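A.B. asks: My questions will all concern the structure given below.
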Amino acid sequence: IVKPGEDTPSGIWPVFRMMDEDGHFRQASGPIGLQTVPQKHDLDQLRSSLLVQNPQYSREIHSCSLLHPSKHVYPDMPKDNDTSTKIQKNSLLRAHRQMIRLRKMDTILHNAQRQGRISFYMTCHGEESIHIGSASALRPQDHVFAQYREAGILMWRGFTLEQICNQ
């Protein structure tokens with residue numbers, strides 16, 4: 001609980017954003033987080049660091065699809081400078097980019113609704129990770145019955161912004 005006059009809560013925070021908006025891994029300050037910062041976009045180094053520091057979660061780290069490269073290239077990811085497809089197969093970076101894209105789309109559509117340019121829109125501010133995390137855990141053949149505030153699932157499945165806005 002943050003008391004009036006306090007800048008930030010004291011104690012250990014259970015949540016740590018691993019990447020910033022540019023896709024660089026953040027350096028932890030304090031007892032939690034990564035002690036060694038992996039190179040940019042290197043899932044193998046990130047997984048190794050997490051395993052060394054959190055051996056009790058080894059099963060979860062090994063089974064997490066976001067910590068492993070995709071089998072296929074994501075068409076909505078930027079192209080690498082070299083011939084490898086390391087960035088285009090990086091599931092964690094794609095999830096982060098999708099959450100940022102969803103937040104920006106949400107802001108634009110909410111503003112358009114407030115200005116009377118569109119008749120109806122329900123925001124999903126603060127729910128971006130729920131959408132992307134659950135969608136990334138599903139297999140492509142799994143059915144999704146999305147509703148108003150679940151545009152992130154459609155984004156993960158490859159829908160364009162135009163297709164989402166046209167629904």
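A.B. asks: Kindly state, to the nearest 0.05, the FRET efficiency for residue 48 paired with residue 76, given R0 = 25 Å and r defined as their beta-carbon distance. The partial results should precede the final answer.
C.D. replies: Numbers: r = 27 Å, r/R0 = 1.10.
Approximately 0.35, to the nearest 0.05.
A.B. asks: Now for a separate question. Among the chymotrypsin sites (Phe, Trp or Tyr not before Pro) in segment 37-140, which ones are in a DSSP loop with at most 14 other Cβ atoms within 10 Å of the Cβ? Mind listing them?
C.D. replies: 120
A.B. asks: Return the sequence-ordered ³J(HN,Hα) values of segment 104-115 in whole Hz as given by the Karplus equation 6.51 cos²θ - 1.76 cosθ + 1.60 applied to θ = phi - 60°, using x for Gly and Pro.
C.D. replies: 5, 4, 4, 5, 4, 5, 5, 4, 5, 5, 5, 7
A.B. asks: May I pose another question? Full-extension gain between residue 125 and residue 142, please, as 0.36 nm times their residue separation minus the C-alpha to C-alpha distance.
C.D. replies: 3.6 nm
A.B. asks: Hey, what do the phi angles of segment 61-67 turn into as Karplus ³J(HN,Hα) couplings, whole Hz, using 6.51/-1.76/1.60 and θ = phi - 60°, x for Gly and Pro?
C.D. replies: 5, 5, 8, 6, 5, 6, 9
A.B. asks: Hey, another quick one. Going by average Cβ density within 10 Å per residue, which order do the peptides 144-150, 99-105 take, highest to lowest?
C.D. replies: 99-105, 144-150
Bear in mind these aren't lab numbers, they're just calculated from the coordinates by the rules spelled out. Worth saying up front: this structure is predicted, and the values here are computed from it rather than measured. Neighbour counts are summed over all protein chains in view; Cβ atoms, including those assigned to glycine, are modelled from backbone coordinates with ideal geometry.
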